[in-house]
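One structure is given here, and the rest of the page talks about it.
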Amino acid sequence: MTLREQFEGGAARPGPVAPDLLVIVATEDDAEALAPLGRPVHDDAPVTPVLVATGPDPLEVDAVLDDLAAPAGRLLLLDGPCDSWAEEAARLVVRLDALIGGEPPAGVIVRGGSEAALAAARCAVAAGVPLLHLAVEVGDVRTAATQAAVAELAAWQTSPEGGTAHPAEIDLLVHRRLAPAAPRARHADPTVVRMPATRSSRTRSA
């Protein structure tokens, strides 16, 4: 059964509407990397990606997404600045738990090792929602440790103990849309004639 068939068969989502795929966008780097998921694409996708602007400065993330022609579908405000990463994490867990647990989406996409990525991963696992983690190179120890924790949550969810099937349809969709565009083939200009590299000189008879 495909994701679309699964959600269309439920009472909560009548009609041919593709279920939401929440894409957690916590930083400007996330916005630039994940923007292709938020742009309209005319294909028969099993899910509809919805960008969620969040993190310590969701308004800035939202502005970057607008500049990239990939507007956010959700904006998670934290009621003012946080004094520490622990406060940020606590507020994010409350907001993301309400978002993911209130009306469970078809899946959740997180990137890197932000506090938002960890909070969303925990909420997705708790709600039994398929989680897909996109790893990135990180430069500091805390972010690297957080990313490792997110990766472990994603791996545990699809383990025999976690009991959730790998979200293959979501994985394929995400990697297809995030893949770099193939370079366009150059067509030869018919008005340009290529001459041989070496040509015999012509002699004129007297």
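The values are calculated or read from the model by the stated rules, or taken from the named source; none is laboratory data. Remember, predicted model here, so these are calculated numbers, not experimental data. Cβ: placed from backbone, ideal geometry, glycine included. Neighbour counts: every protein chain shown. The area values use the complete protein model at the heavy-atom level, side chains included, leaving out ligands, DNA and RNA. Shrake-Rupley method; radii C 1.70, N 1.55, O 1.52, S 1.80 Å.
Miscellaneous remarks
- Of residues in the stretch 159-181 being open to solvent by 40 Å² or more (accessible area, probe 1.4 Å) and assigned to a loop (DSSP other than H, G, I, E, B), the one farthest from Arg122 (Cα to Cα): Ala181
- Count of residues meeting criterion [assigned to a helix (DSSP H, G or I), open to solvent by 20 Å² or more (accessible area, probe 1.4 Å) and of a type in the set (Ser, Thr, Tyr)] in the stretch 107-158: 1
- When the stretch 86-102 is filtered for residues that are surrounded by fewer than 19 Cβ atoms within 10 Å (Cβ to Cβ) and touching an Asp or Glu at 6+ places or on another chain (Cβ under 6 Å), only Ala89 remains.
- Taking the listed residues Leu51, Leu22, Leu68, Leu34, the one that is at pLDDT 95 or above, in contact with a Gly (Cβ under 6 Å, 6 or more places away or on another chain) and either open to solvent by 80 Å² or more (accessible area, probe 1.4 Å) or among the aliphatic types (A, V, I, L, M) (or both) is Leu51, with no other qualifying.
- For beta carbons closer than 9 Å, sequence separation of 6+ or different chains, a first residue in the stretch 71-100 that is assigned to a helix (DSSP H, G or I) and a second that is of a type in the set (Gly, Ala, Ser) and open to solvent by 70 Å² or more (accessible area, probe 1.4 Å), the qualifying pairs are Asp97/Ala126; Ile100/Ala126.
- Members of the stretch 29-70 that are part of a strand (DSSP E or B) and under 30 Å from Asp83 (Cα atoms): Val50, Leu51, Val52, Ala53
- Within the stretch 36-74, the set of residues being in contact with an Asp or Glu (Cβ under 6 Å, 6 or more places away or on another chain) and more than 22 Å from Leu178 (Cα to Cα) comprises Pro56 only.
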